[in-house]
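Engineer: Quick one: structure below, then a few questions.
The values are calculated or read from the model by the stated rules, or taken from the named source; none is laboratory data. Only a predicted model underlies this, so the values are computations on that prediction, with no experimental measurement involved. Note: ideal-geometry Cβ built from the backbone for every residue, glycine included; neighbour counts use all protein chains shown.
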Amino acid sequence: MEKRTFLYEGKAKRIYTTDDEDLVIIEYKDDATAFDGKKKGSIECKGIVNNRVSAVLFRRLEEHGIPTHMVKLVNGRQMLTKKLSIIPVEVVVRNKVAGSLAERLGLKEGTPLARPVLEFYYKSDELHDPMVNDYHILAMGWATAEQLEEMRTLAFRINQVLQPFFLERGLELVDFKLEFGLHKGRVILGDEISPDTCRLWDVSTGEKMDKDRFRRDLGKEREAYIEVLQRIEGGAQDV
């Protein structure tokens with residue numbers, strides 16, 4: 001598959017067209033941002049880690065009947081994917097209180113939730129990704145009722161698959177963000193699943209193994225990302 005024209009650059013990825021109009025190549029960058037881009041930096045090897053971790057998790061989800069945009073890995077930093085029309089609504093699934101939920105509800109971070117909580121956010125850096133509900137989404141035409149229900153169903157199924165997967169590798173899936181898009185009219189999972197989009201805590205120590213290390217100036221971001229990759233891939237592969 002030939003990489004052709006540069007199409008788009010986001011905070012963490014670049015997208016290129018290919019010789020198949022239905023497929024694109026996503027290139028993962030080492031750039032790190034937080035707080036809607038107000039904090040900027042770089043984490044060495046982050047792009048490689050996120051690409052490879054996403055690939056493993058996408059394959060796992062596909063094995064459980066969950067459709068994703070991944071076609072195959074091209075190399076360490078690049079993934080061939082289906083071209084999606086992205087639905088401008090982020091889906092967040094929370095298994096424990098952390099981050100903004102702790103701030104909004106005045107609860108201690110790490111407080112268990114009786115059941116997973118699902119939240120929707122409108123994708124807009126300018127507006128700081130405001131939380132929205134079904135009524136906003138339907139009124140604005142960002143998704144149909146059927147698409148919204150499919151996103152909700154897939155998000156909970158993804159949580160059911162990934163929680164035990166991470167736990168077997170000594171990681172607790174505290175919460176995570178998903179993005180969905182339309183491919184030939186079908187809702188499928190897009191974007192990535194990685195330490196950038198998941199809160200992952202070490203089961204034994206409670207240590208944060210995700211982008212919160214960058215957000216909160218905890219240091220050793222590269223080491224944490226590589227540790228996650230090694231646990232996910234099941235060994236000490238080169239990065």
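Engineer: On the given criteria, is Val92 in the same structural domain as Leu154 (by TED's automatic domain parsing) and crowded, with 20+ Cβ neighbours inside 10 Å?
Structural biologist: yes
Engineer: Okay, next question. Kindly establish whether Arg213 is in the same structural domain as Phe120 (by TED's automatic domain parsing), touching an Asp or Glu at 6+ places or on another chain (Cβ under 6 Å), closer than 28 Å to Leu80 by Cβ and surrounded by 17 or more Cβ atoms within 10 Å (Cβ to Cβ).
Structural biologist: It is false that Arg213 is in the same structural domain as Phe120 (by TED's automatic domain parsing), touching an Asp or Glu at 6+ places or on another chain (Cβ under 6 Å), closer than 28 Å to Leu80 by Cβ and surrounded by 17 or more Cβ atoms within 10 Å (Cβ to Cβ).
Engineer: Restricting to the range 40-75, and then to whatever is free of Cβ contacts under 8 Å to residues at least 60 places away in the same chain and in contact with a helix residue (DSSP H, G or I) (Cβ under 7 Å, 6 or more places away or on another chain), can you tell me which residue is surrounded by the fewest Cβ atoms within 10 Å (Cβ to Cβ)?
Structural biologist: Leu73
Engineer: Within the range 54-72, is even one residue touching a Phe, Trp or Tyr at 6+ places or on another chain (Cβ under 6 Å), outside the structural domain of Glu223 (by TED's automatic domain parsing) and among the small types (Gly, Ala, Ser)?
Structural biologist: No - not one qualifying residue is present in the range 54-72.
Engineer: Pull up the range 2-39, narrow it to residues that are surrounded by 13 or more Cβ atoms within 10 Å (Cβ to Cβ) and part of a loop (DSSP other than H, G, I, E, B), then point me to the one that is modelled with the lowest pLDDT.
Structural biologist: Among those that are surrounded by 13 or more Cβ atoms within 10 Å (Cβ to Cβ) and part of a loop (DSSP other than H, G, I, E, B), it is Asp36.
Engineer: Here's another thing I want to ask about it. Looking at (1) in contact (Cβ under 8 Å) with a residue 60 or more places away in the chain; (2) surrounded by fewer than 17 Cβ atoms within 10 Å (Cβ to Cβ), which is the one condition that is false for Arg222?
Structural biologist: Arg222 satisfies every listed condition except (2).
Engineer: Could you count how many residues in the range 116-168 are aliphatic (A, V, I, L, M), within 25 Å of Ala34 (Cα to Cα) and surrounded by fewer than 13 Cβ atoms within 10 Å (Cβ to Cβ)?
Structural biologist: Residues flagged as aliphatic (A, V, I, L, M), within 25 Å of Ala34 (Cα to Cα) and surrounded by fewer than 13 Cβ atoms within 10 Å (Cβ to Cβ) within the range 116-168 amount to 1.
Engineer: Also, I was wondering about something else. Evaluate the following for Ala145: is it in contact with a Gly (Cβ under 9 Å, 6 or more places away or on another chain) and free of Cβ contacts under 8 Å to residues at least 12 places away in the same chain?
Structural biologist: No, not satisfied.
Engineer: Say whether the condition of being small (Gly, Ala, Ser) and exposed (fewer than 14 other Cβ atoms within 10 Å of the Cβ) is met by at least one residue in the range 100-110.
Structural biologist: Yes, that holds for at least one residue.
Engineer: Considering only residues that are in a helix (DSSP H, G or I) and among the polar types (S, T, N, Q), which ones fall in the range 219-239?
Structural biologist: Gln230
Engineer: What are the residues in the range 143-168 that are outside any helix (DSSP H, G or I) and farther than 16 Å from Gly190 by Cα, if any?
Structural biologist: Thr144, Glu168
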